[in-house]
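The values are calculated or read from the model by the stated rules, or taken from the named source; none is laboratory data. In this text the structure is predicted, and so the values were computed from the model without any measurement. When we count neighbours, we look across all protein chains shown, and the Cβ atoms used for this are built from the backbone with ideal geometry, even at glycine. Remember, those area values only see protein heavy atoms, side chains included, never the ligands or the DNA or RNA. Shrake-Rupley method; radii C 1.70, N 1.55, O 1.52, S 1.80 Å.
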Amino acid sequence: MFRATLLGLMAALAWPQATASGLKIGVSTAGLSDVEQASRQALPSPGIAARAGVASPTRSPWIVASGWRITRTPGAKYRYDVPAGKATLAAAEAFAYGADAVLKIDPADAGGVETLLRFLEQLPAADLPPVADIAVIDDGSAITGEVMNLLARRNLLYAVVTAPSPRFRLNIAMGSGEYPASDAADPSAVALKIRRQLTDEQRTLRIYGSEVVIARVTGDGARVRLHLINYGGREIEGLRVRLRGAYATGVAYLPGAAGEPLRDYIVADGATEFSLPRLGVYATIDLKASR
């Protein structure tokens, strides 16, 4: 269930999931009480972060994203305090992961956020379960959280479990014989190891053309909804997506261009590929499985 409140000075927009897309937009002038604020987990401002000493043309950008935190604790309540230019991205992230979130925003971002909210309000309803390829056994440790973070940033879809699950071929438990505690010194290497064990052929999702797009996939076998979040701060052109499985039709919903057809649509070799001509902060893609 998605519920959020945006605080811009003394003004706020609030919406719990309802309508076609699961949104109900209202207006409030009340801020959060100290008790309410203390009850919510603070999330960092999303985007690309510069890291001293590691800047290089060959290095992947460091993405600050909180989808993994929301996936890890979906029932928690969250809050963002974002600077100017980040409110729309934070709102898109909260929506994509169904978070109960409060966003304190710069008044200059109110117009952009309102545009996004109006767009989200018009999305077709899609209450679908998350899709995952692997399971991560959560022991509550910081290192397991960092592995989740890196898996999410690499678009390796996982479910958080408390014990090994027979649903998944790979069950990741940090500190086990296969993933010893010594591996924790390099979480990035752990994420690469998991990708190789899964194999690219068995991945539900692959994205080509950008390293700053993180996806969330939900589906039930008959249909799939793909949330695409662009953390880069610039519009992306020519994004290519590959989904395992055969999907007969697909449509993209973007702010200002709802119902845009997907391009270069191919179904072959047990997978579906298509291109998105452009991607701003956020897009939703709905696909129906072939009969």
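Observations on the model:
- Pairing each residue of the stretch 78-106 that is farther than 21 Å from Ala283 by Cβ with any residue that is assigned to a strand (DSSP E or B) and among the hydroxyl-bearing types (Ser, Thr, Tyr), provided the two are 6+ apart or on different chains, yields C-beta distances under 7 Å for Asp100/Tyr78; Val102/Thr5; Lys104/Tyr80.
- Val160 meets each of the listed conditions (1) among the aliphatic types (A, V, I, L, M); (2) in a helix (DSSP H, G or I); (3) modelled with pLDDT of 95 or more apart from (2).
- Wholly enclosed strands (runs of 3 or more DSSP E) of the stretch 168-280 bearing at least 2 residues open to solvent by less than 20 Å² (accessible area, probe 1.4 Å): 213-219, 223-230, 236-244, 247-254, 271-279
- Near pairs, Cβ below 9 angstrom, 6+ apart or cross-chain, from the stretch 177-202 (among the polar types (S, T, N, Q)) to any residue that is loosely packed, with under 11 Cβ neighbours inside 10 Å: none
- For the condition touching a strand residue (DSSP E or B) at 6+ places or on another chain (Cβ under 7 Å), aliphatic (A, V, I, L, M) and under 28 Å from Glu237 (Cβ atoms), Leu170 does not qualify.
- Subset of the stretch 75-92 (residues that are over 16 Å from Arg234 (Cα atoms) and touching a Gly at 6+ places or on another chain (Cβ under 7 Å)): none
- Scan of the stretch 235-291 for residues that are without any contact (Cβ under 8 Å) to a residue 40 or more places away in the chain, aromatic (Phe, Trp, Tyr) and in contact with a Lys or Arg (Cβ under 7 Å, 6 or more places away or on another chain), ordered by number: Phe274
- Qualifying residue in the stretch 235-242 (condition: under 19 Å from Pro46 (Cα atoms) and charged (D, E, K, R)): yes
- Residue list for the stretch 83-116, filter: surrounded by 19 or more Cβ atoms within 10 Å (Cβ to Cβ) and closer than 18 Å to Gly259 by Cβ: Leu116
- Lone unmet requirement of (1) more than 14 Å from Leu157 (Cα to Cα); (2) touching a helix residue (DSSP H, G or I) at 6+ places or on another chain (Cβ under 8 Å) for Arg216: (1)
- Tally of residues being more than 15 Å from the chain's Cα centre (by Cα) and either aromatic (Phe, Trp, Tyr) or surrounded by fewer than 18 Cβ atoms within 10 Å (Cβ to Cβ) (or both) across the stretch 146-159: 1
- Residue match in the stretch 119-129 (condition: over 18 Å from Arg195 (Cβ atoms) and in contact with a Leu (Cβ under 7 Å, 6 or more places away or on another chain)): yes
- Any hit, the stretch 131-138, residues being open to solvent by 30 Å² or more (accessible area, probe 1.4 Å) and either closer than 25 Å to Ala222 by Cβ or within 15 Å of the chain's Cα centre (by Cα) (or both): yes
- Leu120 open to solvent by less than 20 Å² (accessible area, probe 1.4 Å), of a type in the set (A, V, I, L, M, F, W, C) and outside any loop (DSSP other than H, G, I, E, B): yes
- Note on the stretch 96-114: residues that are of a type in the set (Val, Ile, Thr) and closer than 21 Å to Ala215 by Cα amount to 1.
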